[in-house]
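So the structure is just underneath, and the comments pick up after that.
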Amino acid sequence: MTASQSAKKISASGGPKLAFRPLPVPQVDIRGFWGDRVDAVASRTADILYDRCVEARMLEQIDPDRPSPGVVIPFHSPSPDEAASQGAEFTGSTVTTQMFWDSDWGKTIETAAYSLYRRRNDSLERKIDAVIDMYGKLQQPDGYLSSWYQRIEPGKRWTNLRDCHELYCAGHLIEGAVAYYQATGKRKLLDIMCRYVDHIADTFGPGPGKKKGYCGHEEIELALVKLARATGEQKYMDLAKYFVDQRGQQPHYFDEEARARGTDPKAYHFKTYEYSQSHRPVREQDKVVGHAVRAMYLFSGMADIATEYGDDTLRVALDRLWDDLTTKNLYITGGIGPSAHNEGFTADYDLPNETAYAETCASVGLVFWASRMLGMGPNARYADMMERALYNGSISGLSLDGSLFFYENPLESRGKHNRWKWHRCPCCPPNIGRMVASIGSYFYGLSDDALAVHLYGDSTARFDISGRQVELIQTSNYPWDGAISIEVEPEAPVEFTLHLRIPSWSRKAALTVNGAPVDLDTVMGDGYAAIRREWRKGDRVDLDLEMSIARLFANPQVRQDIGRVALARGPLIYCVEETDNAGQLHRITLPRTAKVEAHKEQNLLGGVVTLSAIGSKEAVENWESGLYRTDPPATEQAKLKAVPYFAWDNREPGEMLVWLRDG
């Protein structure tokens, strides 16, 4: 059964007719800017993820033919700040990340799958096949599958959903299984996970004798939707809906579960169920709170369910939450979650730059959420944010060559924040790896009679619409240039609507179809130009977006950015690095009268457009006598050079700054 046939089977059982679903990765070929990044993941990152999982002894935990390795990461009692800075998860007073190693394998398999589709790698494929074989041997007769609870803590399954990531791990293995099936055609892991999900459906749900629980770390919700779309099984979609609907209901499942374990529900490290967004039923929530990654995964699952079931009550809640995030709790880079303490949100407008946590996984999660909001129809409100998070806060977490990573993504550094090979909590490397490797699925959305183009860049999409096969070829040097050419090649004439996003950052746009100008005012809706016609071979659409340079200012309630300015060009946020700008960066001022110019530099950072301006900076000469004096420092001219934020720390280590002093 193809993915499109599966989607139709699910849609016929209750989903709204006009839902827009992403094209599977094998139906989209990516070139250009994103093609380079996919190649880096396929040629380096995918192998690195596997090798470092093995080095961390993760393979020993899932291999039933070896003795159990026991606890590899020692339990200990760190301070909250220490644990949070290490990306650790608390269980009472102890901490370990080993309990969610299955999720790391799931994301590694997913990254490998899409990489194998991109580039043949027989050695990696054999290794992943061997991992899948281990999971097959490990799976219990009733379908249950958790290396932690089978190999390290046997006899305790389904006893601590609040802390121990069982369903979260299942979700990532599900996503890996779907990806491996779509990319390679191999069903073994997909069948394993279908048996596991059947067990989960027998264990959880509204029926008599079933547990009324859900995971403390959301993820399975969106994974089940993906599984349902791939297999056509409505029961998987219904289980996803159950987990969304049940969250935060009273009596609170985590309280009851704790009492069943013989512990006090109040003896919870984070003290509040806001941490896991289970403090209220989801339709009553109106603020983004708690752990940022968990929030993004929950909202992604909610958006999928809103799309599949046409649930406007979820859409209303999601729009409230979207407004709260984007107007009060979002970094200009698309990063989210300022605090290391809870890896998440604090208070409105609290957006420190140097200490920004802005976990890579959280920005990836924002991409997930925004892309799923587009399932309810093309809307630039969501697509512009997806683009912002994609080009800035997420891919900053991966070095240009695909070998090094960021866990945190601050907007200011004194030179000590540098990329690393691995992390005690290695969730971010495979998360950014799988997102980049599957980037084609974020470019387009397909409904029964429409195709939406959400992202621009060199690519070819193949899809079936109204019973006709269509190939759409996009040619562009985006994001460096705003000229986009789209050729539509149906096998036979076919009528459908083509939705083209007009980004809010573009001050001017021009659109033609077969050379004839289109009046954008007459075809615009929710930030997209909608062109409905009978498309024939050779039809061509040209879109020209003004790639303007912008000075951006923060809401005055963001105290850290008062008197500061950031630079952007098109979808990219820029920063200054010490290697290009002599002297301490905090001394630089960008006058409002300064002309900012763009320059193509093909030999810098893999080929980028830089920005330059003449600014000023305070001189440090004649200050040897002390810290303070009555005369202000002298100023001197300073040539300023800015590079795209995603590319920082790919050269010599040094200072970095996004928000410059505004003159």
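The numbers here are math on the coordinates, done by the rules we state, and not lab data. Everything quoted here is computed from the prediction, not taken from an experiment. Cβ placement follows ideal geometry from the backbone for every residue including glycine, while neighbour counts extend to all protein chains displayed.
Points worth noting:
- Taking label points 7 Å from Cα along the Cα-to-Cβ direction, N622 and R651 give a separation of 3.2 nm.
- Overall, the stretch 425-559 carries a charge dipole of about 600 debye about its Cα centre when +1 sits on the Cβ of Lys and Arg and -1 on the Cβ of Asp and Glu, all other atoms neutral.
- If you take all other residues with their beta carbon under 9 Å from the beta carbon of G136, and give Lys and Arg +1 and Asp and Glu -1, the sum is 0.
- From the C-alpha gyration tensor of the stretch 549-662, square roots of 5λ in Å: 26, 17, 13
- Over all other residues within a Cβ to Cβ distance under 13 Å of R381, the charged ones net out to -2, with Lys and Arg as +1 and Asp and Glu as -1.
- Label point distance in nm, K188-K137, each placed 7 Å from Cα along Cα→Cβ: 1.1 nm
- Summing charges over all other residues whose Cβ lies under 9 Å from the Cβ of F243, with Lys and Arg as +1 and Asp and Glu as -1, gives -1.
- Percent of C-alpha pairs per 10 Å bin, the stretch 3-443, short to long: 5, 23, 35, 28, 9, 0
- Relative contact order [Cα under 8 Å, 6+ residues apart], the stretch 549-662, whole percent: 36 percent
- Between D129 and K595, the modelled label-to-label distance comes to 6.2 nm, taking each label 7 Å out from Cα in the direction of the beta carbon.
- Within the chain, helix-based [θ] at 222 nm, where runs of 4 or more DSSP H residues each add -39,500 (n - 2.57), nearest 500: -10500 deg cm²/dmol
- Measuring r between the beta carbons of T263 and A634 and using R0 = 51 Å, the FRET efficiency lands at 0.20.
- Å³ per residue enclosed by the Cα convex hull of the stretch 249-354: 109 Å³
- When the Cα positions of I562, G415, Q27 are compared along the charge dipole of the chain, Q27 comes out farthest toward the positive end, with charges on each C-beta of Lys, Arg, Asp and Glu.
- A Cβ-based charge dipole, computed about the Cα centre of the stretch 3-443 with Lys and Arg at +1 and Asp and Glu at -1, lands at about 760 debye.
- Taking 15 Å as the cut-off, the amide N atoms of the stretch 626-663 that come nearer than this to a point 7 Å along the Cα-to-beta-carbon line of I562 belong to 662.
- Ranking of K639, K127 by count of other Cβ atoms within 10 Å, fewest first: K639, K127
- Most tightly packed first, judged by the mean number of other beta-carbon atoms within 10 Å of their residues, the peptides 240-247, 171-178, 117-124 read 171-178, 240-247, 117-124.
- Along each principal axis, taking the top coordinate minus the bottom one, the Cα set of the stretch 149-205 gives 35, 25, 17 Å in descending order.
- For the peptides 424-431, 302-309, 554-561, the ranking by mean Cβ contacts within 10 Å, running from highest to lowest, is 302-309, 424-431, 554-561.
- Relative compactness, the stretch 194-244, computed as alpha-carbon Rg over 2.2 N^0.38 Å: 1.05
- Length gained when the stretch K421-A530 is fully extended (0.36 nm per residue, less Cα-Cα span): 34.7 nm
- Mean Cα-pair separation over length for the chain, i.e. relative contact order, pairs under 8 Å, 6 or more apart, %: 14 percent
- For the stretch 460-606, the fraction of alpha-carbon pairs in successive 5 Å shells from zero, as %: 2, 7, 14, 16, 15, 12, 10, 8, 7, 5, 3, 1, 0
- Rg then Dmax, both in Å and based on the Cα atoms of the stretch 222-279: 14.9, 42.
- Mean Kyte hydropathy of 1.0 or more with a Cα span along the axis of at least 15 Å, helices from DSSP in the chain: 220-231, 360-373
- Three-way shape call for the stretch 371-519 based on the alpha-carbon gyration tensor, with the a/c threshold at 1.5: prolate
- Here the stretch 449-545 is treated as a Stokes sphere of Kirkwood radius computed over C-alpha pairs; at 25 °C and 0.890 mPa s its diffusion coefficient rounds to 181 µm²/s.
- Cα gyration tensor shape for the stretch 417-486, rounded if a/c is under 1.5, else prolate or oblate: oblate
- Residue exposure sequence - T326, T333, T263 - by fewest surrounding Cβ within 10 Å: T263, T326, T333
- When E624, E55, E487 are arranged by Cβ crowding within 10 Å, least crowded first, meaning fewest neighbours, the order is E624, E55, E487.
- Evaluating 6.51 cos²θ - 1.76 cosθ + 1.60 at θ = phi - 60° for every residue in the stretch 582-591, the Karplus couplings come out as 5, x, 5, 5, 5, 8, 7, 10, 9, x Hz, glycine and proline recorded as x.
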